[in-house]
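Visitor: Here it is, the structure in full.
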Amino acid sequence: MASGSADAGSSERVGGGEDHHADHADIFGTIGKHLRPGGPIGVCAGNFRDSSGKVTPLAFDIGHALSEVLEFEGEIYFEWSTPSESLTGDHCLLFSAAGC
């Protein structure tokens, strides 16, 4: 889902920054309204390091945005046998539809 260059500490984060994360919240909030109360939603996202060494906490940013419209239930952390040098963390963020 994300595009663009990673630049931690900037409003121009991967995929357009805060506006892009608000779009994620709108989309997943709409999906959550179509699930039964407590219905599960999993979202996979990673944190990345750019060529200058700066980390963009995309997974954490998405988790924060989605927790405004869904209930955060936890996460599954993926540990790859041969991870990408730019990937600093790979997560499946677990949420449930509000109203449980």
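The values are calculated or read from the model by the stated rules, or taken from the named source; none is laboratory data. The structure displayed is predicted, hence computed values, not measured ones. Cβ placement follows ideal geometry from the backbone for every residue including glycine, while neighbour counts extend to all protein chains displayed. Quick note on the areas: whole protein, heavy atoms, side chains included, nothing else; ligands and nucleic acids left out. Shrake-Rupley method; radii C 1.70, N 1.55, O 1.52, S 1.80 Å.
Visitor: The conditions are (1) under 12 Å from the mean Cα position of the chain (by Cα); (2) open to solvent by 40 Å² or more (accessible area, probe 1.4 Å); (3) among the aliphatic types (A, V, I, L, M), and residue 45 fails exactly one of them. Which is it?
Guide: (2)
Visitor: I would also like to ask the following. Based on what the data block shows, is residue 85 within 18 Å of residue 21 (Cα to Cα) and in a loop (DSSP other than H, G, I, E, B)? Spell out the reasoning first.
Guide: On the way: within 18 Å of residue 21 (Cα to Cα): no; in a loop (DSSP other than H, G, I, E, B): yes.
Criteria not met by residue 85.
Visitor: (1) surrounded by fewer than 15 Cβ atoms within 10 Å (Cβ to Cβ); (2) part of a strand (DSSP E or B): which one isn't true of residue 64, the others all being true?
Guide: The failed condition is (2).
Visitor: Might you check whether a residue that is open to solvent by less than 40 Å² (accessible area, probe 1.4 Å), under 18 Å from residue 30 (Cβ atoms) and at pLDDT 95 or above occurs anywhere in the range 80-95?
Guide: Scanning the range 80-95, I find at least one residue that is open to solvent by less than 40 Å² (accessible area, probe 1.4 Å), under 18 Å from residue 30 (Cβ atoms) and at pLDDT 95 or above, so the answer is yes.
Visitor: Here's another thing I want to ask about it. If you go through the range 47-83, how many residues are touching a residue at least 40 places away in the same chain (Cβ under 8 Å), within 28 Å of residue 33 (Cβ to Cβ) and among the aliphatic types (A, V, I, L, M)?
Guide: 6
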